[in-house]
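The next block holds one structure in the form of structure tokens; read it before the comments.
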Amino acid sequence: MPPEERPREERRREDRRREDRRDEDRRDEDRRDEDRHRDERHHEERPRTRPREEGDRHEQGHERERPRPRRPALDARDAARRAARHVEGLTGRAAEGVTSLERGKDGWVIGIEVVETHRIPDSTDILAEYQVELDDSGELASYRRTERYYRGRGEDRT
């Protein structure tokens, strides 16, 4: 059966399943963030628990360990997920997908597509693209709707 002929209830069930999967992904991401922060705190300098002995690195001329290369606070995948979450929270509509992703000097610029109005058939849904700017820590710096268009129009949105 073509999508435009599916019963409305079936589409709603599919939307709910999709939202449940997104919620589960968000919970998984939050758990990963908590684990990462816990690991970072665990690896912070801790006081020595035993007295220094001869042969310790400190006494051999090694004042400090070499610093490890620092990973960026937010990678591309996390930036896209956080941007989608911010748009969903601000608009009350589920993100349909990521349309663009660019690393900036002070953070990320991400394009998020949202279904603003569901219609029958689905090809006449009204979509919108939001441009979201996040800082390096994933906090929202700005967002704005850049365009609206019909789903059926595709790439030639003129």
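The values are calculated or read from the model by the stated rules, or taken from the named source; none is laboratory data. What you are looking at is a predicted structure, and each value in this text was computed from that prediction instead of being measured. When we count neighbours, we look across all protein chains shown, and the Cβ atoms used for this are built from the backbone with ideal geometry, even at glycine. Side chains included, ligands, DNA and RNA excluded: accessible areas come from the protein's heavy atoms. Shrake-Rupley method; radii C 1.70, N 1.55, O 1.52, S 1.80 Å.
Computed values, structure above
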{"read-out": "Which numbered condition Arg145 misses (of (1) over 17 Å from Glu88 (Cβ atoms); (2) modelled with pLDDT of 95 or more)", "value": "(1)"}
{"read-out": "Flag for Glu147 being part of a strand (DSSP E or B) and either farther than 18 Å from Arg22 by Cβ or touching a residue at least 60 places away in the same chain (Cβ under 8 Å) (or both)", "value": "yes"}
{"read-out": "Some residue of segment 82-93 being touching a strand residue (DSSP E or B) at 6+ places or on another chain (Cβ under 7 Å), in a strand (DSSP E or B) and open to solvent by less than 40 Å² (accessible area, probe 1.4 Å)", "value": "no"}
{"read-out": "Selection status of Gly152, open to solvent by 40 Å² or more (accessible area, probe 1.4 Å) and at positive phi", "value": "no"}
{"read-out": "Count of segment 118-132 residues which are surrounded by fewer than 17 Cβ atoms within 10 Å (Cβ to Cβ) and polar (S, T, N, Q)", "value": "2"}
{"read-out": "Options Arg71, Arg36; residue that is open to solvent by less than 100 Å² (accessible area, probe 1.4 Å) and either β-branched (Val, Ile, Thr) or at pLDDT below 80 (or both)", "value": "Arg36"}
{"read-out": "Options Arg145, Arg153, Arg93, Arg103: the member that is more than 22 Å from the chain's Cα centre (by Cα) and basic (Lys, Arg)", "value": "Arg153"}
{"read-out": "Residues being in contact (Cβ under 8 Å) with a residue 12 or more places away in the chain and either open to solvent by less than 50 Å² (accessible area, probe 1.4 Å) or closer than 30 Å to Arg8 by Cα (or both) - total across segment 99-117", "value": "12"}
{"read-out": "Filter result (touching a Lys or Arg at 6+ places or on another chain (Cβ under 8 Å), modelled with pLDDT under 95 and of a type in the set (Asp, Glu)) within segment 119-136", "value": "Asp122, Asp125"}
